[in-house]
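Structure incoming, see below.
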Ligand code: BG6
């Protein structure tokens, strides 16, 4: 290919898209699947939700909706019906030219309650079919073992990741996946965005804080510790039984700038950075960083960490660092002026950056900085497994969707990645988040669209669910074909 000669991107660069089971599969009560935590999220219209996020649930909410739906709509039960339409969707991804597609596996499709001794064959068969279809189109599946959903039974009976028992239950589940799919799936991620445990223990850890035995902060870091040990268990298992696969870690990179050059603001930024790097520090370097040990001591956080846990972490490491990146943040020492802004994480407004329709600052340079810093810190391959723009799209009567704003966003971020590669960073690939419109994670809206493929479905699940090609579809097709030279 003429263009490929000039390409900065390596020949094996993974050009792809990303999604998750709870946001796209639907079919929540088919194929022997059990209920998962995400099935209990009801739709709350913007007028009621305001700038809040729909990620934490209470026991009374769950009790109520276990008894009946009371007229509520549960967007994550319906997704975009990828479960039945995966062939059509994969054909569109192939037409776009993708060579990688990230999906997650719904734990409750494999172990409906999470505690069974044998897996649900029907669930495994579904993913066999999806992977076969992807491979038939030369698309590498990238698999997240746990993406923001836990079998609901584990929440109700164990308070999920609050409980050490989850380590073994997760390891049993993940081993089944590796045994079954190791010849079809090369790249794996143990948990999606581990750092979200702090802001949303229910979504990230299946934890109902009202049931927790300890205070919030201890519960959160304990749950994370168990997820670290579970990840290490799977790194070890993969090394022994499937040396050809690569199992990585993932966190949401919160790139932060100090609000001024006052050393106190710089120090605050450094501290927040250390908190954000902590996840990969443990899983790549194999031990808790001193900054976190100090934080635990100062906060009076006393965790259940055994000598076996420490040895598992020391001896088993992530093969790559996956990140999601959507925006950058600003840190300042003085807490006044910091408000919840954009995403669930608080920040000061950066006057140099435009905002998306959902108030998320757009900053491609921040991605270059993030990737350089991560690579400098860990010196192992880095993978952008999520990045994209949530926006309202309008389909014309002729079925066209002109999403130049999305093209502009993605173009700037791909340019930043090209610079990053020239900076010497070992960048494995780029997976555009929500390549097919899906239910939003944080608000459960359909109208917050990330896709290059439009799905005709509204916030209440009405619509034909037809798939339409947006302008970004044709643009990304050209980008991939040219090896990133035609932007
Ligand atoms: C990431 C999640 O935090 O951001 C995805 O891993 C999510 O699941 C994505 O969809 C975008 O967030 P949202 O809330 O706009 O869907």
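What number goes with the only condition from (1) within 16 Å of the ligand (Cβ to nearest atom); (2) under 24 Å from residue 139 (Cβ atoms); (3) in a helix (DSSP H, G or I) that residue 407 does not pass?
(1)
Moving on. Which fully enclosed helices (runs of 4 or more DSSP H) of the stretch 1-116 have 3 or more residues being in contact (Cβ under 8 Å) with a residue 60 or more places away in the chain and closer than 24 Å to residue 169 by Cα?
Of the helices (runs of 4 or more DSSP H) lying wholly inside the stretch 1-116, those with at least 3 residues that are in contact (Cβ under 8 Å) with a residue 60 or more places away in the chain and closer than 24 Å to residue 169 by Cα span 21-24, 107-110.
Picking from 286, 248, 252, which residue would you name as being out of contact with any helix residue (DSSP H, G or I) (no Cβ under 8 Å at 6 or more places or on another chain), closer than 25 Å to residue 385 by Cα, at pLDDT 95 or above and surrounded by 14 or more Cβ atoms within 10 Å (Cβ to Cβ)?
248
Spot the failing condition for residue 144; the list is (1) surrounded by fewer than 19 Cβ atoms within 10 Å (Cβ to Cβ); (2) touching a residue at least 40 places away in the same chain (Cβ under 8 Å), and only one is missed.
Residue 144 satisfies all of (1) surrounded by fewer than 19 Cβ atoms within 10 Å (Cβ to Cβ); (2) touching a residue at least 40 places away in the same chain (Cβ under 8 Å) except (1).
Next up: Do we have any residue at all in the stretch 149-169 that's touching a residue at least 24 places away in the same chain (Cβ under 8 Å), in contact with a strand residue (DSSP E or B) (Cβ under 7 Å, 6 or more places away or on another chain) and surrounded by fewer than 22 Cβ atoms within 10 Å (Cβ to Cβ)?
no
While we're on this one: State all residues of the stretch 419-466 that are part of a strand (DSSP E or B), closer than 24 Å to residue 11 by Cα and away from the ligand (no atom under 12 Å from the Cβ); if no residue qualifies, say none.
Across the stretch 419-466, the qualifying residues are 427, 428, 429, 430.
From the list 273, 302, which one is in a helix (DSSP H, G or I), out of contact with any helix residue (DSSP H, G or I) (no Cβ under 6 Å at 6 or more places or on another chain) and at pLDDT 95 or above?
Of the residues listed, the single one that is in a helix (DSSP H, G or I), out of contact with any helix residue (DSSP H, G or I) (no Cβ under 6 Å at 6 or more places or on another chain) and at pLDDT 95 or above is 273.
Given (1) away from the ligand (no atom under 16 Å from the Cβ); (2) in contact with a helix residue (DSSP H, G or I) (Cβ under 7 Å, 6 or more places away or on another chain); (3) farther than 17 Å from residue 101 by Cα, identify the lone condition not met by residue 139.
Only one criterion is unmet by residue 139, namely (3).
Could you tell me whether residue 235 is out of contact with any strand residue (DSSP E or B) (no Cβ under 8 Å at 6 or more places or on another chain) and crowded, with 21+ Cβ neighbours inside 10 Å?
no
On to the next question. Is one or more of the residues making up the stretch 364-379 more than 11 Å from the ligand (Cβ to nearest atom), part of a loop (DSSP other than H, G, I, E, B) and modelled with pLDDT of 95 or more?
So far as the stretch 364-379 goes, yes, one or more of its residues are more than 11 Å from the ligand (Cβ to nearest atom), part of a loop (DSSP other than H, G, I, E, B) and modelled with pLDDT of 95 or more.
Here is a yes/no grid of residues against (1) in a helix (DSSP H, G or I); (2) within 16 Å of the ligand (Cβ to nearest atom); (3) without any contact (Cβ under 8 Å) to a residue 12 or more places away in the chain:
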| residue | (1), (2), (3) |
| --- | --- |
| 195 | yes, yes, no |
| 204 | yes, yes, no |
| 227 | yes, yes, no |
| 235 | yes, no, no |
| 240 | yes, no, yes |
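May I pose another question? Out of (1) modelled with pLDDT of 95 or more; (2) out of contact with any helix residue (DSSP H, G or I) (no Cβ under 9 Å at 6 or more places or on another chain); (3) assigned to a loop (DSSP other than H, G, I, E, B), what's the single condition that is false for residue 389?
Only one criterion is unmet by residue 389, namely (2).
The values are calculated or read from the model by the stated rules, or taken from the named source; none is laboratory data. Computed from a predicted model, the values in this text were never measured in an experiment. Note that we place each Cβ from the backbone using ideal geometry, even for glycine, and neighbour counts take in every protein chain shown.
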